[in-house]
Every structure is written in structure tokens, then in C-alpha cells.
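Novice: The structure is given below, and queries will be raised subsequently.
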Amino acid sequence: MKLASIDNNTRDGQLVVVNKELTKAVKVPEIAETMQSALDNWNEIQNKLQTVYEDLNSDKLSNVLDFSSLKVMAPIPRAYHWADGSAYVTHVELVRKARNAELPESFWTDPLMYMGASDAFIGANDDIEIEKEDWGIDFESEVAVITDDVPAGLNPEEALKHIKLITIINDVSLRNLIPNELSKQFGFYQSKPWTSFAPVVVTPDELEDSWKDGKVHLPLNSTLNGKLIGSPNAGIDMTFHFGQLIAHAAKTRSLMAGTVIGSGTVANQGSLNGASCLAEVRCLEVIKDGKPSTPFMSFGDRIEIEMKDKEGQSIFGKINQVVKEYKK
């Protein structure tokens, strides 16, 4: 099943069911008005939404909308909780190697995670508005899951059962603001502006055998200004699967329905399949040449992020954003 939220002049948008090819959609106000409402009542309405999805794919419905013509918001335009992990430890290892820093052994056994801004997420085609280029604008291509209510203290295998929806995201980072923030030993804040989402979220069964062991085993493609930066496989070198990330987040408290958990920047060891952010490209340049040569993003740059199934069909739709100067 595929779901999205379209703009209806409200903060939370209108929930729609989207067909497999991402060409048609239908509103379902009699089932749920918003994505959050659907997640709050998932056990009661999941089968109803699934029936609509099957009927939509079978051309049995009237009042069908052209999905490509709709203004798509983030599938969940705001959430009660957004936590981003760093599940690809090889990425962290590379970044540290570039600055001649040792990787603590605990990073391989205890996930890194921070809580991000969830008061607003932006849509796949919304501009990335940043005030200054010299803040070091970078994209981060990730996989994310959305949960129902998760009890505290559960184990990773139990946590996997609470994953209801999967998507891809662009977790924008302002690299030149990060060192000062981290030096305070209190985490990210200013260096993490709004996160953007692919047009749709899907239930795990949509991924068929590409979803296994709590990982999505497909390449995630990142293209900057028409140049492919990388297509690492999200199922390879993921040290902590999503069950482990959710269990980590829920160690001392429950998570509410609609919680978004990110994978962190998708990376394959040695970046053999390219990178999912410019920071990694620059780290490789530092290791090879002693200094970076690739700049961070500038105003006017376009970043496209997409994941396709084994037949070449876009699963979540494309993130397609342009960096723009923020005007006060």
C-alpha cells in the first residue's frame, strides 16, 4: 500500500491512497483525514485502506485524481517525534579517518542517534531555503520508517513489528555549523534545518523480498545537478537494522504513533557505490589528496534522490529540490 498527503491549505494535509505506479490517487476522508489520524488508528483502519489501494490499482474507483498534478506535502507533514540514527558506521568511520580520529569501539555496538526538528517536514519538491551558502549546505540521502505506538523496553525483534510505513528522506545538514555545535557536547540544533520526504510512504509488504532483516536491500540514488553522486545499497553495511534503532530510541520511554526513525546517511564500505552526501565525497578527497576539492551545495543547485525496485519502478517517488536563498 502507498500513501501520501496532499496540500489542502491545512498544516497536516489530506491523506490520499496512491496507486503502485504513482500516477493516481484517491482521498479517503471516510477512513482518515490525515496521515497522523491513520497511524493513531492503524489497527482499525489498515484493512480499509488496503481495500481502497487494491481497488485503485484495479481501476474500480471513481473520483480518482491525477497524482502528478497534485501539490504533495511530506507524507507526514509534522510528527510528534523524529529521531535520526547513524546506522552505517562505515560512514562515521570514514569521516573520522579523514580527520585522523579514532572510531570508538562502542560505535559498533551502541547506535548513535539524535532528536531532530519534527514540527514541520517539507515536501519532495519544496525548495531548500538556507540563509547563507557558507554554512556548508549538504544533502543526506536516507531511509526512514514510521511506527505505531511502541512500548518502552522492547527488544529489536519486537520493535520490527511496529514499523508500519517506509520512505526515503533528505536530512539536510549545514556542515560548517556542526563543529561548533558538537564542541558544546549538546548535540545538533542550528545545523539541522527541515528534513524533506519523498512523495509517498509504503507498507513493508510493498518492498517484497527487498525488505528483510529490518533493512531495505535496494540502491538509493543521489543525483546533484544531473551528476550521479552515488547509489549505495541501503541493505549493505547497515550495522544497526531498524528494529535495533527503534529499540534504542525506546529504551527508557515509549514512542507515540507517528514516530519517524531515520537510518542516517546510507553508505557502503569504502564508498564503492558512491556517496549519499557531499561530506563523504570530501572525506575521500582528503584521504587521497590531503584536501577536499568538491564544494558543498550552492544556491541554484538541484538534488534528486530516488529508490527504484528491481523492475526499475520508482517506489516512493523522487525527492527533487533546489537550494534557494532564504529571504527574511
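The values are calculated or read from the model by the stated rules, or taken from the named source; none is laboratory data. Source: prediction; values computed, not measured. All Cβ positions, glycine included, derive from the backbone under ideal geometry; neighbour counts span all protein chains shown. Accessible surface areas use protein heavy atoms only, side chains included; no ligands, DNA or RNA. Shrake-Rupley method; radii C 1.70, N 1.55, O 1.52, S 1.80 Å.
Novice: Mind checking which lysines have their Cα closer than 26 Å to the Cα of Lys60? Skip sequence neighbours fewer than 8 apart in that chain.
Specialist: The qualifying lysines are Lys2, Lys20, Lys24, Lys27, Lys48, Lys71, Lys164.
Novice: For the stretch 1-77, what's the relative contact order in percent, using C-alpha pairs closer than 8 Å and at least 6 residues apart?
Specialist: Relative contact order comes out at 42 percent.
Novice: Which whole-Hz ³J(HN,Hα) couplings does the stretch 126-140 yield from phi under the Karplus relation 6.51 cos²θ - 1.76 cosθ + 1.60, θ = phi - 60°, glycine and proline marked x?
Specialist: Listing the rounded values in order: 7, 5, 8, 9, 10, 6, 9, 5, 6, 6, x, 6, 9, 8, 9 Hz.
Novice: Once phi is turned into θ = phi - 60°, what whole-Hz ³J(HN,Hα) does the Karplus curve with 6.51, -1.76 and 1.60 give for every residue of the stretch 48-56, x standing for Gly and Pro?
Specialist: Karplus-based 3J(HN,Hα) across the stretch 48-56 equals 5, 5, 4, 4, 4, 4, 5, 5, 5 Hz.
Novice: Jot down the radius of gyration and Dmax of the stretch 88-173, Cα atoms only, both in angstrom.
Specialist: In order Rg, Dmax, the Cα atoms of the stretch 88-173 give 16.5, 44 Å.
Novice: Turning to a different aspect of this structure: If you fit an axis through the alpha-carbon atoms of helix 89-98 and take the longest principal axis of the Cα set of the chain, what angle between them do you get, 0 to 90°, nearest 10?
Specialist: Around 30 degrees separate the two axes.
Novice: Using a 1.4 Å probe on the protein heavy atoms, what percent of the accessible area of the chain belongs to carbon and sulfur?
Specialist: Percent of accessible area from carbon and sulfur atoms in the chain: 47.
Novice: Hey, what D do you get for the stretch 252-324 in µm²/s if you plug the Kirkwood alpha-carbon radius into Stokes-Einstein at 10 °C and 1.306 mPa s?
Specialist: On the way: Rh = 15.5 Å.
Here the translational diffusion coefficient equals 103 µm²/s.
Novice: OK, next. Percent relative contact order of the chain, based on C-alpha pairs within less than 8 angstrom and at least six residues apart?
Specialist: Taking the mean separation of contacting Cα pairs over the length of the chain, I get 23 percent.
Novice: Taking only Cα atoms of the stretch 41-81, what ratio of Rg to Rh do you get with Rh as the Kirkwood inverse-distance radius? Can you show the working numbers first?
Specialist: Values: Rg = 13.3 Å, Rh = 12.6 Å.
We get a ratio of 1.05 for the stretch 41-81.
Novice: Using amide H atoms built in the peptide plane, which far-off residues or other-chain residues are under 5 Å from Val200 H to H?
Specialist: For Val200, no residues qualify.
Novice: Using only Cα positions of the stretch 51-139, each an equal point scatterer, no hydration layer, compute I(q)/I(0) via Debye at q = 0.20 Å⁻¹ and quote the log10 values to two decimals.
Specialist: One equal scatterer on each Cα of the stretch 51-139 leads to -1.11.
Novice: Now for a different question. Can you pull the Kirkwood radius for the stretch 198-254, inverse mean 1/r over Cα pairs, to one decimal in Å?
Specialist: 13.4
Novice: Quick one: check the C-alpha center-to-center distance for the stretch 170-238 versus the stretch 12-42, whole angstrom.
Specialist: Result: 24 Å between the Cα centres.
Novice: Above 34 Å lies some portion of the pair distances; for the chain, what is it as a whole percent of all C-alpha pairs? Kindly include the intermediate steps, with their values, before the conclusion.
Specialist: Working: 10487 of 53628 pairs.
I get 20 percent for the Cα pairs in the chain exceeding 34 Å.
Novice: Amide H neighbours of Lys24 under 5 Å, counting only residues 5+ apart in sequence or on other chains, H built in-plane at 1.01 Å?
Specialist: Asn19, Phe67
Novice: Which value, in debye to the nearest 20, describes the size of the charge dipole of the chain about its Cα centre when Lys and Arg Cβ atoms bear +1, Asp and Glu Cβ atoms bear -1, and nothing else is charged?
Specialist: On the way: 33 positive and 47 negative charges, 121 e Å.
Once rounded to the nearest 20, the dipole reads 580 debye.
Novice: Kindly write out, for the stretch 260-276 in residue order, the coupling ³J(HN,Hα) from the Karplus curve 6.51 cos²θ - 1.76 cosθ + 1.60 (θ = phi - 60°), rounded to whole Hz, with x marking Gly and Pro.
Specialist: 3J(HN,Hα) across the stretch 260-276, in whole Hz: 9, 10, x, 7, x, 4, 5, 8, 10, 3, x, 6, 4, 9, x, 10, 10.
Novice: Over the chain, give the accessible area per residue in Å² for a 1.4 Å probe, as an integer.
Specialist: 46
Novice: Evaluate the relative contact order of the stretch 243-328 (contact order divided by residue number), counting alpha-carbon pairs under 8 angstrom at least 6 apart; express in whole percent.
Specialist: Computed value for the stretch 243-328: 16 percent relative contact order.
Novice: So what's the convex hull volume per residue for the Cα atoms of the stretch 1-101, in Å³?
Specialist: Numbers: hull volume 16.2 nm³, N = 101.
Spread over its residues, the Cα hull of the stretch 1-101 gives 160 Å³ apiece.
Novice: Can you list residues from other chains, or at least 5 along the same chain, whose modelled amide H is less than 5 Å from the amide H of Gly274?
Specialist: For Gly274, whose amide H was placed from the backbone, the distant partners under 5 Å are Ser231.
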